[in-house]
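First up is the structure itself, then whatever we jot down about it.
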Amino acid sequence: MLDVALIEKCADPSLTPAIVEQFVAAAGSDDPLAITVKSGGRLVLVPTPASPEAALKIIREYVGKANVRVGLTQYPAGAGITDIAQLDAALVDPCENLKRGTALFAKVARIVTKWYGSPTSREVMPQLIDDAIHAWRTGIFEGTQVFQADDPGGATFLRGKPLPKMRLEGDVGLEEETGEIAATPPGAATDAASAEMRIDLSRIGGKN
């Protein structure tokens, strides 16, 4: 479980602490140095880093060649960069990773919320969260490449005032599936068997 003080200090304020905990528990890692590398849909075994510097070395080795997720939030390491020299050890710093990861997840949440027609009923909340987590894992929601897409603004789930339409810094040049520099090699298919079951609530409010 994430430390409450870390959430309060570092997490995106548009997400409640409970949602941040649920997001990290479902899609993240307990280890701030955790690195997951996938190529062509297959997991690539990499050494377990003992330090941020060792983690950065592994990240730089694979970004641009494979899909790399890092840290507490399993943030897409290539998100928003155009050169591996832009990668830094802050990616695996617990606070910075939580800051970047929750900010990007909040954007994904707004994409999902808008698709559902910005509902106000709390009965829909579990489905919104499940769909946002699924989109974080796959990089895609209803045909939209969520890491590339503009931030639509509006509500982040059901909390707080709508945010103005904005674009996260560096939201260009992301990979179709995971936000990396390079796309998955041609011919690689998404493993449909690994997809979670999702419920269509008749497109509440209509698709925007």
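The values are calculated or read from the model by the stated rules, or taken from the named source; none is laboratory data. Since the model is a prediction, treat every value here as computed from it, not as a measurement. Note: areas computed on protein heavy atoms with side chains; ligands, DNA, RNA excluded. Shrake-Rupley method; radii C 1.70, N 1.55, O 1.52, S 1.80 Å.
One table, with the values for the structure above:
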item	result
For the range 10-16, Karplus couplings with θ = phi - 60° (6.51, -1.76, 1.60), whole Hz, Gly/Pro x	10, 6, 4, x, 7, 10, 6
Long-range HN-HN contacts of residue 75 with modeled amide H, under 5 Å	70
Pairs beyond 29 Å (Cα-Cα), from 9/114; 9/107; 38/107; 9/65	9/65
Average accessible area per residue (Å²) across the range 41-129 - probe 1.4 Å, nucleic acids and ligands excluded	43 Å²
Sulfur and carbon atoms: percent of accessible area, the range 1-123 [1.4 Å]	54 percent
